[in-house]
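**Student:** I have a structure I would like to understand better, so I am pasting it below and will then ask my questions one at a time.
The values are calculated or read from the model by the stated rules, or taken from the named source; none is laboratory data. Computed from a predicted model, the values in this text were never measured in an experiment. Note: ideal-geometry Cβ built from the backbone for every residue, glycine included; neighbour counts use all protein chains shown. With ligands, DNA and RNA removed, areas are computed over all heavy atoms of the protein, side chains included. Shrake-Rupley method; radii C 1.70, N 1.55, O 1.52, S 1.80 Å.
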Amino acid sequence: MCIRDSSVHRTPVAPLGVRAGAVQVAVGGEHTCARFADGAAQCWGMGNTGELGDGVTARSRHVPAAVAGLSGAAALAAGSFSTCARMTDGTVRCWGYNSDGQIGDGTTGGTRATPTVALGLTAVTDLGLGQTFACALSAGLVRCWGSNNSGGLGLGYADSFGHPRAGNPVMGLTGAAGLGVGLFFSCAHTTGGLARCWGANEDGQLGDGTLVSRSVATAVAGLGDVTAIVGGQRHACARRGDGTVACWGSNSTGQAGDGTMVTPRPNATTVPGLGGVAQLAAGDFHTCARLTDGTVRCWGNNDYGQCGDDTQLVARRSPVAVRGLAGAVEISAGSFHTCARLTDGTLRCWGSDRSGQLALGALRTPRW
């Protein structure tokens, strides 16, 4: 007798209870958030460490709830166990797990179940969250806080201490235009179209041709014309100005999209046959691309149907079309699920709903 896991949705479904008119979707590890034009937000899914911002911990939520007291949010960023908002005034507020000071309020330990000001940040234009650290971009410089294992804060050294507020800018990096943050590493693309990465590098996720971790931003070898960059658990991908994509790092489940599962990939490799890409999103072990025609392609781990092609448990080594999805204007990916925002402001999500991250009205469990 086999088990059918009803918490898995292999094609896009509409989350229930989300306010009309979402202007952003942000997917974390096993939680999802939506932002609205008035600067408020809703979150749902895993909430055990306060990452939903609704004032409650130790509870997952399968129905969207408002982030307590949040207004004036200009953008959201979701990590493994925490969430941050970039405010219209350029400051940052974060909530969730604070083991290494990744909330940025000057303390370490515990959780923050409602938005808390991250200290020392102004004029922020981009945010990225890893598992136990976060980074912010301002005036071409990147400043990070939280865990500094493997040199992930870019300070020129690694240590085991939590850094509970934004410190000095990442060394070796100027002219940054956008961020892509992974589990314990980060990347930035510059105004000149280059890519530089720092932090953990055990699977070649820094793209410098080595497996040596770096505490200073290091150039991704042989890659130019970069207009956007994203980080997964141990891989990264970049979009070029011509709409093509290159990936590097771990390829254990095909997340580099080169048709193989040869790993590691310490050098950037073009994803064959993929063009017309408008946006990228990286989950833990899968990657998705939104094309200019509003369709979406995904590749990599598909154990929970997170590639959206109506299959499961079969890794996708090359991009496959998300079934039945059109009109996507934004995508975001987490550990085991993916979401898209459509032109009408509604959302579609697919993959695992084991923590309620698809917001289908009830937590689903396997059934016989």
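**Student:** Where does each of Thr125, Thr244, Thr191 land when they are ordered by accessible area, with a 1.4 Å probe and the largest first?
**Tutor:** Thr191, Thr125, Thr244
**Student:** How high is the FRET efficiency between Asp225 and Ser318 when r is their beta carbon distance and R₀ equals 25 Å, given to the nearest 0.05?
**Tutor:** 0.65
**Student:** While we're on this one: Given [x] 159; [y] 117; [z] 186, which label gives volume of the Cα convex hull per residue in Å³ as computed from the coordinates?
**Tutor:** Given [x] 159; [y] 117; [z] 186, the structure-derived one carries the label [y].
**Student:** Further question on the same structure: Per the 1.4 Å probe, what fraction of the accessible area of the chain, in percent, lies on carbon and sulfur atoms?
**Tutor:** That fraction is 51 percent.
**Student:** Asp159 to Thr11: extension gain in nm, 0.36 nm per residue of separation minus the Cα-Cα distance?
**Tutor:** Additional length available on full extension: 49.0 nm.
**Student:** While we're looking at this one, here's another question. Can you give me the relative contact order of region 293-368 as a percent, contacts being Cα pairs under 8 Å and 6 or more apart?
**Tutor:** 24
**Student:** Roughly how many Å² is the accessible area per residue of the chain, as a whole number, for a 1.4 Å probe?
**Tutor:** 35
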